[in-house]
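First up is the structure itself, then whatever we jot down about it.
Computed from the coordinates by the stated procedures, all read-outs in this text should not be read as laboratory data. Model, not experiment: these values are computed from the prediction. Reconstructed Cβ throughout: ideal geometry from the backbone, glycine too, with neighbour counts over all protein chains shown.
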Amino acid sequence: MRAFGLVYFFEPWWVQIVKALVIFGVIFAVLPILIIYERKLLGRFQGRYGPNRVGPYGLLQPMAEIVKFALKEPFRPATAVESLFRIAPMIAIVTAVSALALVPFGNVQKIFGQPVGLYGIDVSIGPLYVFALGGISFYGIMLGGWASGSKYSFLGAMRGAAQLISYEVSQGLALVGVLITAGTLSLTGIVRAQAGMWYFIPQIVGFLIFMTASFAETNRAPFDLVEADAELVGGYFTEYGGTAFVAYLFAEYTNMIVVSGIAVTLFLGGWLLPFGIHPPGWVDPFVVLAKMLIVITLFIWVRATLPRLRYDQLMSFGWKILLPLATLNLLVTAIVVAA
């Protein structure tokens, strides 16, 4: 584990395997719940019914759709590059779940006498690790669009490339203020540094920039331009169906969960309660999940409220507004901390 940077304690190899299985199990159990939650909430926001036919109150609708997609016949265009066409969805979902391993759901607790961190791994370069995985996940979009052999898919993938350059610089700069204030790149260390005050208060500008860029990072409205159905049919995954399409869908929702977890960790105090209150250790994951649910609700609220921007509007907004604000926030933070 030293290859990842400084660690505070060492866990047996079997603990790491168990935690990896738990992360995969939990995320695949939570995703159908998140899908039905979004669709129900969108229905309430827009004055209509959400799913209400399959199962009690429509709660089994996601499971019905998963079965439907799983039973669909696999299809591949004749012009597609088969190997890359199959690999692209795997890259998207594996990198998304790997990034989730960095979100700390609590401090180190003793479970059956064994110290266990309530997170996948705690590396001393946590934010850099997250951005690295985010950069790799981008190849899932690029390869999916290019390998499909479709002009619509390729245009959606190229949009993703230009979009990545526009928002990710601002997103990274928005986090530097938190890192300067905390004096560490360890995500658990950043949570502990917020015992006196959550960074949401002194870094409100950085938080707003990070969340705005995160809508583009997760391809969510109003920045879901890589899959804009009006002019690109379905974007980079136009030619995908069945389980491959579900893999892209799951990756998108998993990325939304990851971004929510990172926002909670860096700006909302992680497992800490307001006013410096430290809850019992077993409460930590529930505190983090409750905060993540609030951030996820914000994602859904924005989707139901704001229209999609034009592509040139996104580029202009990223370079002319987000980047200068993120740079100014960084400079002010550095001056205040140095003083």
Checklist entry - Which whole DSSP H helices in the chain pass both tests: a Cα extent of 27 Å or more along the axis and a mean Kyte-Doolittle value no lower than -0.5? => result 13-45, 82-100, 126-147, 151-182, 242-267, 284-305
Checklist entry - Considering the dipole of the range 7-338 built from charges on the beta carbon (Lys and Arg +1, Asp and Glu -1) around the Cα centre, which of 166, 333, 270 is farthest to its positive end? => result 270
Next on the checklist: Restricting to DSSP loop positions (anything but H, G, I, E, B) with no more than 15 other Cβ atoms inside 10 Å of their own Cβ, which chymotrypsin sites (Phe, Trp or Tyr not before Pro) remain in the range 89-122?
Outcome noted: 112
Item to check | the chain: most fluctuating residue of 129, 167, 236 per GNM, C-alpha cutoff 10 Å | outcome: 129
Checklist entry - So how many Lys-Lys pairs in the range 7-338 land under 26 Å Cα to Cα, not counting same-chain pairs under 8 apart? => result 7
Checklist entry - In what order do 271, 14 fall by count of nearby beta-carbon atoms within 10 Å, going from fewest to most? => result 14, 271
Item to check | Convex hull volume of the chain per residue (C-alpha atoms, cubic angstrom) | outcome: 152 Å³
Next on the checklist: Using Cα-Cα distances under 8 Å and only pairs 6 or more residues apart, what relative contact order does the range 113-269 have, in percent?
Outcome noted: 31 percent
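Determine the relative contact order of the chain: mean sequence separation of Cα pairs under 8 Å and six or more apart, normalised by residue count, in whole percent.
23 percent
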Item to check | Estimated dipole of the range 7-338 in Debye, rounded to 20 [Cβ of Lys and Arg +1, of Asp and Glu -1, Cα centre] | outcome: 560 debye
Item to check | Positive-pole candidate from 251, 138, 128, dipole of the chain, charges at beta carbon | outcome: 251
